[in-house]
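The values are calculated or read from the model by the stated rules, or taken from the named source; none is laboratory data. These figures come from a predicted structure and were not determined experimentally. Note that each Cβ is placed from the backbone with ideal geometry, even for glycine, and that neighbours are counted across all protein chains shown. Quick note on the areas: whole protein, heavy atoms, side chains included, nothing else; ligands and nucleic acids left out. Shrake-Rupley method; radii C 1.70, N 1.55, O 1.52, S 1.80 Å.
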Amino acid sequence: MCLAGLTGYPCEETGGAAIKGQLAGIFDLTGKVAIVTGGAGLLGAEHAEALVEAGAFCVLADIDGTRARAVADRLVAGQDAEVAAIETDVTRAESVSMLLQETLRRYGRIDILVNNAANNPHYEKVSADQKLTGRFESYPLSAWNDDVAVGLTGSFLCCQIVGTYLANQGEGVILNIASDLGVIGPDQRIYRKSGLRLEQQPTKPVTYSVVKSGLIGLTRYLATYWADRGVRVNALVPGGVYTDQDPEFVVKLTNLIPLGRMAAVDEYKAAVVFLCSTAAAYMTGAMLVIDGGRTCW
Ligand SMILES: NC(=O)c1ccc[n+]([C@@H]2O[C@H](COP(=O)([O-])OP(=O)(O)OC[C@H]3O[C@@H](n4cnc5c(N)ncnc54)[C@H](O)[C@@H]3O)[C@@H](O)[C@H]2O)c1
């Protein structure tokens with residue numbers, strides 16, 4: 001859905017007023033070049049679409065190059081947009097350096113880095129007999145290493161390699177995609193299934209909390225570190241997106257959310273444009289929490 005017609009937002013088409021006066025243009029990203037890691041995924045594609053609709057050229061940097069290419073084709077279809085797919089493994093410095101070089105070769109500059117790639121394991125979808133529960137006591141070291149490598153080390157490498165380019169340029173924006181579970185602990189009761197023994201019960205794994213809290217720390221660290229180099233660094237803190245999950249799980253989760261529902265997939269687009277544009281010029285080191293109120297309850 002186009003930014004102009006987002007769920008619940010007024011716009012010209014739906015009778016709302018256009019942005020006028022001093023505010024006109026400050027959300028505009030025309031000519032900016034943005035990299036979105038994990039850009040082939042559910043939310044990465046939405047972030048990219050938002051940036052493209054605001055006028056940016058966008059690079060989808062995903063380990064799944066084929067899916068990234070398909071998303072890029074979908075985003076350019078029917079509109080005057082430029083979206084590239086560059087197969088990238090954010091856990092490998094050489095791959096991120098190649099992403100930097102290839103983006104510069106194609107567009108000559110980079111303005112925005114969105115660190116969105118992460119493992120988002122859903123152990124509640126795995127059947128009990130597969131013995132994959134995400135439970136802390138038996139969480140495999142290999143899974144810990146992989147989750148941390150993608151979600152945290154990957155963001156570190158992208159900040160170090162692409163962010164350093166932005167700092168040297170004296171201008172740029174980094175947006176780290178955290179989660180409400182970077183701010184609060186998971187309520188493991190919502191993942192429980194009836195009829196299973198404790199050790200079979202699915203859980204949100206420890207790495208999700210660690211990675212997302214770590215990203216908020218990385219955001220604050222770099223916001224002060226590069227404050228005098230023209231680079232703003234913020235974190236978006238989204239709540240869970242509804243994607244046809246198990247109804248029992250949805251009821252338990254929405255009971256924890258004051259607005260009484262999970263997010264629609266397009267409800268973070270306006271925030272992404274805001275945080276990446278001049279509209280947020282006085283904002284750095286901040287968390288923008290969009291979670292239907294979950295973390296305030
Ligand atoms: N979906 C939600 O409800 C939700 C809620 C809050 C926060 N988030 C966060 O938003 C972000 C996106 O979530 P999503 O639901 O779109 O996940 P997703 O699994 O749909 O997308 C993740 C993408 O990252 C890519 N990826 C994995 N390893 C990679 C690597 N080594 N290098 C480059 N790319 C790699 C995957 O191929 C995939 O396309 C994640 O950081 C997630 O934690 C999601």
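Assorted remarks:
- Of all the listed residues (SER194, SER142), the sole one being of a type in the set (Ser, Thr, Tyr), in a loop (DSSP other than H, G, I, E, B) and either without any contact (Cβ under 8 Å) to a residue 24 or more places away in the chain or within 15 Å of the ligand (Cβ to nearest atom) (or both) is SER194.
- Scope region 47-67; condition surrounded by fewer than 22 Cβ atoms within 10 Å (Cβ to Cβ), in contact (Cβ under 8 Å) with a residue 40 or more places away in the chain and near the ligand (Cβ under 10 Å from one of its atoms); matching residues: ILE63
- Neighbours by Cβ (under 8 Å, 6+ apart or cross-chain): first from region 203-228, under 16 Å from ALA167 (Cβ atoms) and modelled with pLDDT of 95 or more; second open to solvent by less than 10 Å² (accessible area, probe 1.4 Å) and polar (S, T, N, Q): LEU218/SER155; LEU218/ASN176; THR219/ASN176; THR219/ASN234; ALA223/ASN234
- Identity of the residue in region 77-93, open to solvent by less than 40 Å² (accessible area, probe 1.4 Å) and of a type in the set (Val, Ile, Thr), that ends up farthest from LEU157 (Cα to Cα): VAL83
- Of all residues in region 18-39, those that are on the phi > 0 side of the Ramachandran plot have Cβ atoms under 6 Å from Cβ atoms of residues that are surrounded by 13 or more Cβ atoms within 10 Å (Cβ to Cβ) and part of a loop (DSSP other than H, G, I, E, B), 6 or more apart or on another chain, in GLY38/ASN116; GLY38/ALA117.
- Only a single criterion out of (1) more than 15 Å from TYR165 (Cβ to Cβ); (2) touching a strand residue (DSSP E or B) at 6+ places or on another chain (Cβ under 8 Å) is not satisfied by GLN79, namely (2).
- Residue in region 230-247 that is touching a residue at least 60 places away in the same chain (Cβ under 8 Å) and among the aromatic types (Phe, Trp, Tyr) present: no
- Residue match in region 253-276 (condition: open to solvent by 40 Å² or more (accessible area, probe 1.4 Å), outside any loop (DSSP other than H, G, I, E, B) and β-branched (Val, Ile, Thr)): no
- Region 153-178: number of residues that are on the phi < 0 side of the Ramachandran plot and open to solvent by less than 50 Å² (accessible area, probe 1.4 Å): 16
Residues are listed down the side, and each one gets a yes or a no for (1) crowded, with 18+ Cβ neighbours inside 10 Å; (2) assigned to a loop (DSSP other than H, G, I, E, B); (3) modelled with pLDDT of 95 or more:
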| residue | (1), (2), (3) |
| --- | --- |
| ALA72 | yes, no, yes |
| LEU75 | yes, no, yes |
| SER95 | yes, no, yes |
| GLU102 | no, no, yes |
| THR133 | yes, yes, no |
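- Within region 77-93, the set of residues being part of a strand (DSSP E or B) and not small (Gly, Ala, Ser) comprises VAL83, ILE86, GLU87.
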